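A.B. asks: Before I ask anything, let me first share the structure, which is written out below as structure tokens.
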Amino acid sequence: GDGAKSLLMLPEEYFGTFDMVLVDLSETVMSAKVTKGLDILGALALLLKPSGIFVKNELYLEKMAEIFKHSLQIHFYDVSVICSQCLILGSNTVDFIQTEPTDHGVPTRVTVLENITDHSKVMHSYTQNPSAQTICSAAKDGQEEEESDPELEEQESSPGILLILEAENAAGNLESADAVKSAIVPALEKAGFTVTSTIPYDAPDGGATVNVFLQEGYVVARTLPEKKYCAFDVHLWSAFSKLENAKVALLEAVQSDVDTASKFRIVAGGMFGIQSWREDEKSRGPQNIEQQCVVSDEQVSAVVDSAVSDSDAVAAILEESLSGLLPEQNAVALILCGAEGESSCDSVNVLNKHASVQEAIPVWACANVVHETGGAKIASHELYACEQHVIAKLREFSKEDGEEFVKKIGVIVVDPSAPIEMAQIIHKIVGKDKNIPSQKVNVIHKKMTARGSKKSRVFAEDMLVLAPMVDSGTKNEWRLIFAEKFRSLILKEPGFLTAIQYNSSDTSVDMATFLSGDELYIHHMNQVASNVHERTGLSSLVKSIEGGLPTFQDKFVSAQTFKGTDYDNQATYDQWLTQEPWGHQTIIQMVLPPRSRALTTKSVQSMLDKAMSALEIETTLAPAEFINVADGCVIGATWSEGNAIVLWDGRSYIGINLFTKEVNSEFASEFADNFRTVNPNLKVVLRDEMPRGTGRVVNFASDIGDRSRQYWAAELP
């Protein structure tokens, strides 16, 4: 069907009421517009409660971050058949990183986590966007109501909705058309509908068909008295909010229980020129709550008072990060500093005193490469000379026992005094040390050609990079970029790049962190932030987390496989055995392209006459009932083996509701083809087919066959 059109037909009261919205739509559908300023993703987001969670499969983190303040990508492996799967979660109030999950006790067969406390294992990437363009109601949270969009001068669309309703165990009189008419017409009028005409018809082989034409739409009732069954079609082009009223009224009219009835809806065409179109526009879809609001930073993170200085804050953050994130206690750390004698490089003192750091190596900036603002560009030979100086120092430090490099650097700290040039040099050295050719740094799953054994490497397999920023302005953005480069260099999971801001009323420190090899990194990171807060009073704001590249699973074999017998299929099997198809219904929707010969009431009637005569259908009621409605018309035709309702919206849309007691898809195709011969420009854009019958029927007789035991129910009694 048409997803964008379907969203427009949802009742207004649906919006803002759902705890979760789960979306599995193609890229093509997701890009469609629901209204002029709202795409499908934005419209679906409006269905959520303020505390609700939006879930979309596949890679949609960036798009979700435009709408939600909190967006999380989870990624889990060992998924049968497809290897792995990622989901994107979005919410405006749920902070997925710092909120503990709740186990709702839902029984599952698939084991994603052994323990809910290990939920951070499946977290891959996260974004917090305080200025996300969240869509909210106008007068929410004390905001002044914005001026609503001006009312449309002319009707621009003609939507309609068709309710397919199966009434079973009906105790009412279904034997005659007059009896059915006498029951349902007053019920519809009591429900608020205006009946304009009715066509009752008694079938020769028993049962009845009643066509009821309303000012707001039409209703078709078909009965099968021996089965205590009545099939209803309720098609509305106006008063959509009364659809539920119509369902209840019709079930009560034939004395059928709501619990035994089944129903579904199809978005169809409507009618141009109806007087109530403006009211109908306001009662459906997301238009009334389409206004957007920008959430301020104050709504996201409260700023606390703290007397800690910038330098003390940096020291505390470094100390807690080393304590919480270091994978081992005897770490060797490299510290990038400013020019020796010109900067204090306080990070050296922090690391020298830390119990988890075995040795700290300060690398002071080469005097000839420190770039002064407005100064001349540094010559390439000077950068190369500095690089060679740093390499020699690192090799001298790491080499022991002859040619063996036994000391591996696993930590890099970028002191606030370090210049960008030293970061560029270190990044280049690390890339060479890890045997990654620069042109292949970002190539996924590329096999790398080693230039030396692991024993000759200075840097460890897994790295921790810490880059604090006291001034988070644009001049310091390179520190986050430096940490991000390690995510590109170390092509594996788990690997995480994080941007966290620590705040008080007087202090603000941004910390860029990269760590590989720790699948519980996000849990450990939260603990670091908590420890920093307890120690300094600084509040934390996780701006973003970016995970590593997914691990390639060559020759994948799932550790978890499931058979039909692993699930309770008893209810499904019972329905399979009891369903009884009775008829075949086809909904055909046609559209006339622009610049085609215009449709008229006369041409539409000619099309139906052509289809009926070509298939030699003799209607008991001749001629077919023709009803003028606003700018369009509705034509009803009933015969002994079925009936057809044709709707023209007054412009370019035609909908055909075709029912036959004989299951025959070719009949519907021939009907549509002959219908179009009068105006061949008509294009079939949607076609829905479904069985009608009892036992909550969902299959045609050809699908059911002899009801022999199905493989999925082989072990059921």
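A.B. asks: How are the alpha carbon pair distances in the stretch 1-64 distributed across 5 Å bins from zero to the largest one, expressed in percent?
C.D. replies: Percent of Cα pairs in each bin: 4, 17, 29, 27, 19, 4, 0.
A.B. asks: Using 20 Å bins from zero, what percent of all Cα-Cα pairs in the chain falls into each bin?
C.D. replies: Once binned at 20 Å, the Cα pair distances of the chain give 14, 35, 26, 18, 7, 0.
A.B. asks: May I ask for the angle, rounded to the nearest 10°, between helix 601-614 and the longest principal axis of the chain, with both axes built from Cα atoms and the value confined to 0 to 90°?
C.D. replies: Taking Cα atoms only, the helix is inclined about 80 degrees.
A.B. asks: Please compare each pair in K242/K602; K190/K228; K5/K33; K282/K683; K33/K683; K190/K247 to a cut-off of 20 Å on the Cα-Cα distance and tell me which ones are over it.
C.D. replies: Values: K242/K602 31 Å; K190/K228 24 Å; K5/K33 9 Å; K282/K683 30 Å; K33/K683 22 Å; K190/K247 12 Å.
Pairs exceeding 20 Å: K242/K602; K190/K228; K282/K683; K33/K683.
A.B. asks: Something else now. Any idea of H523's accessible area? Nearest 10 Å², probe 1.4 Å.
C.D. replies: H523 has an accessible surface of roughly 90 Å² with all protein chains in place.
A.B. asks: Between A598 and E641, what length comes free when the chain is fully extended (0.36 nm per residue of separation minus the Cα-Cα distance, one decimal in nm)? Mind showing how you got there, number by number?
C.D. replies: Values: separation 43, 0.36 × 43 = 15.48 nm, distance 3.24 nm.
Result for the pair: 12.2 nm of gain on full extension.
A.B. asks: Grab the beta carbon distance between V81 and E477, set R0 = 41 Å, and tell me the FRET efficiency rounded to 0.05.
C.D. replies: Values: r = 42 Å, r/R0 = 1.03.
Working from the Cβ atoms, E equals 0.45.
A.B. asks: Then there is this: Taking the Cα centre of the chain as the origin and placing charges on Cβ (Lys, Arg +1; Asp, Glu -1), which of L7, F213, S613 is farthest toward the positive end of the dipole?
C.D. replies: It is S613.
A.B. asks: Something else: Enter the accessible area of C337 (Å², nearest 10), with the probe set to 1.4 Å and all protein chains included.
C.D. replies: That residue has around 0 Å² of solvent-accessible surface.
A.B. asks: How large is the charge dipole for the stretch 491-608, taken about the Cα centre, if only the Cβ atoms of Lys, Arg (+1) and Asp, Glu (-1) carry charge, to the nearest 20 debye? Could the numbers behind the result be given before it?
C.D. replies: On the way: 8 positive and 12 negative charges, 194 e Å.
Charge dipole of the stretch 491-608: 940 debye, to the nearest 20.
A.B. asks: With unit charges on the beta carbons (Lys and Arg positive, Asp and Glu negative) and the dipole taken about the Cα centre of the stretch 20-95, which residue among T35, V21, Q85 sits farthest to the positive side?
C.D. replies: The Cα lying farthest towards the positive end belongs to T35.
A.B. asks: Here's a follow-up. Rounding to the nearest 20 debye, state how big the charge dipole of the chain is about its Cα centre with +1 on each Lys and Arg Cβ and -1 on each Asp and Glu Cβ. Let's see the in-between values first.
C.D. replies: Details: 61 positive and 100 negative charges, 438 e Å.
Computed charge dipole of the chain: roughly 2100 debye.
A.B. asks: To the nearest 10 degrees, how steep is helix 665-676 against the longest Cα principal axis of the chain, on a 0 to 90 scale?
C.D. replies: Once rounded, the angle reads 80 degrees.
A.B. asks: If a/c stays under 1.5 just call it rounded; otherwise compare a/b with b/c (prolate if a/b is bigger, oblate if not). Do that for the stretch 200-270, with a ≥ b ≥ c from the square roots of the Cα gyration tensor eigenvalues. Show your work: numbers first, answer last.
C.D. replies: On the way: a/c = 2.19, a/b = 1.39, b/c = 1.58.
Taking the square roots of the gyration eigenvalues as a ≥ b ≥ c, the stretch 200-270 is oblate.
A.B. asks: On a 0 to 90 degree scale, rounded to 10, what angle separates helix 177-190 from the longest Cα axis of the chain?
C.D. replies: The angle comes out at about 50 degrees.
A.B. asks: Shifting gears a bit: To one decimal place, what orientation-averaged projected area in nm² is obtained for the convex hull of the Cα set of the stretch 534-628? Numbers along the way, then the final one.
C.D. replies: Details: hull surface 86.7 nm².
Mean shadow area of the hull around the Cα atoms is 21.7 nm².
A.B. asks: Per residue, how much accessible surface does the chain expose to a 1.4 Å probe? Answer in Å², no decimals. Walk me through the numbers before you get to the answer.
C.D. replies: Numbers: 34610 Å² over 717 residues.
For the chain, the solvent-accessible area averages 48 Å² per residue.
A.B. asks: If you don't mind, another one. Ordering F18, F496 by accessible area with a probe of 1.4 Å, largest first, what comes out? Walk me through the numbers on the way to the answer.
C.D. replies: Working: F18 80, F496 10 Å².
Per-residue accessible area, sorted high to low, gives F18, F496.
A.B. asks: Using just the helices of the chain, give the 222 nm mean residue ellipticity in deg cm²/dmol: DSSP H runs with n ≥ 4 each add -39,500 (n - 2.57), and the total is spread over all residues, rounded to 500. List each step's numbers first, then the result.
C.D. replies: On the way: 18 runs with 183 residues, N = 717.
It comes out at -7500 deg cm²/dmol, rounded to the nearest 500.
A.B. asks: Same structure again: When the solvent-accessible surface of protein heavy atoms is calculated with a 1.4 angstrom probe, in what order do R692, R707, R597, R265 fall, highest first? Intermediate values should be presented prior to the final figure.
C.D. replies: On the way: R692 0, R707 60, R597 135, R265 100 Å².
Result, largest first: R597, R265, R707, R692.
A.B. asks: Full extension from E340 to E156: what is 0.36 nm times the residue separation minus their Cα-Cα distance, to one decimal in nm? Let's see the in-between values first.
C.D. replies: Numbers: separation 184, 0.36 × 184 = 66.24 nm, distance 7.21 nm.
So the extension gain works out to 59.0 nm.
The values are calculated or read from the model by the stated rules, or taken from the named source; none is laboratory data. The structure displayed is predicted, hence computed values, not measured ones. Ideal geometry is used to build each Cβ from the backbone, glycine not excepted, and the neighbour counts take in all protein chains shown. Ligands, DNA and RNA are stripped out before the accessible areas are found, and what is left, the full protein with its side chains, is counted by its heavy atoms. Shrake-Rupley method; radii C 1.70, N 1.55, O 1.52, S 1.80 Å.
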